[in-house]
Amino acid sequence: MDGRDPGWKSVLKLYGRGLLPWNVLRRRATAGLTRLTQIRAIWLSLVTSLFLFFFVLNFLIPWEGDPGPFPSVIVLMGTVSLASVYSLRRRPLTGSTSETLLESFMQRFFVSFAFSEATVLFGFVCVFLREVRWLYLVGLPFGLIGMTLGGPLRGNIENYDRMLRSRGTPLRLSELLTQPVTPPEKPGA
């Protein structure tokens, strides 16, 4: 990466201090953090929630039962989801200014995440339709792979930087993401 990647230590430190996922973007808690740390904290919170769903299912739904056609449907949906995420990440980011490039990256991040999570959530719904807990585990790998392909990982950011360089764009996503964020002032302050 061209910019200095803060790594995952700063993200884990947020959680070590007891920072709950919905507090990640609070003004005082995020002062001086980089955009990349904030995005990674959001990503980690969303990925963690997938395992928490399964934890809860362990108390509600039996393991065995007749899954019907749902495993095949979940696999098909997961395959389409992964193909969509892969296709999306191969397209270059758009933006001629820092703001539009960051906006393009954030849109790409959340759309990729939505494609990935759709399969997991469909598996979650199937668990309740068929009362078979393991159906959730059919969709989970597709979701985790998709979230990794579209997540704020070093390799993905370097890939976007390579695409930007090949187009002759002077902007680097890694540099923009590793700059400290100054939280906006409160109105009337």
>> Report the gain in length on full extension from Ser10 to Arg165: 0.36 nm times residue separation, minus Cα-Cα distance, nm rounded to one decimal.
In response: 53.0 nm
> Accessible area of Trp63, 1.4 Å probe, to the nearest 10 Å²?
Replying inline: 110
> What does the charge count near Trp63 come to, summing +1 for each Lys or Arg and -1 for each Asp or Glu among other residues with Cβ under 13 Å from its Cβ?
Replying inline: -1
> Which value, in Å², gives the accessible area per residue of the stretch 41-189 when a 1.4 Å probe is used on the protein heavy atoms?
Replying inline: 52
> To the nearest 10 Å², what's Ile145's accessible area with a 1.4 Å probe?
Replying inline: 90
>> With a cut-off of 8 Å between alpha carbons and a minimum separation of six or more residues, what is the relative contact order of the stretch 110-189 in percent?
In response: 24
>> Suppose accessible area is computed on protein heavy atoms with a 1.4 Å probe; arrange Asp161, Asp5 from highest to lowest.
In response: Asp5, Asp161
> What does the convex hull of the Cα atoms of the stretch 116-163 come to per residue, in Å³, rounded to a whole number?
Replying inline: 55
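The values are calculated or read from the model by the stated rules, or taken from the named source; none is laboratory data. On a predicted model such as this, the values are computed, not experimentally measured, just so you know. Neighbour counts run over all protein chains shown; Cβ positions are idealised from the backbone, glycine included. These accessible areas exclude ligands, DNA and RNA; they are computed on the full protein's heavy atoms, side chains included. Shrake-Rupley method; radii C 1.70, N 1.55, O 1.52, S 1.80 Å.
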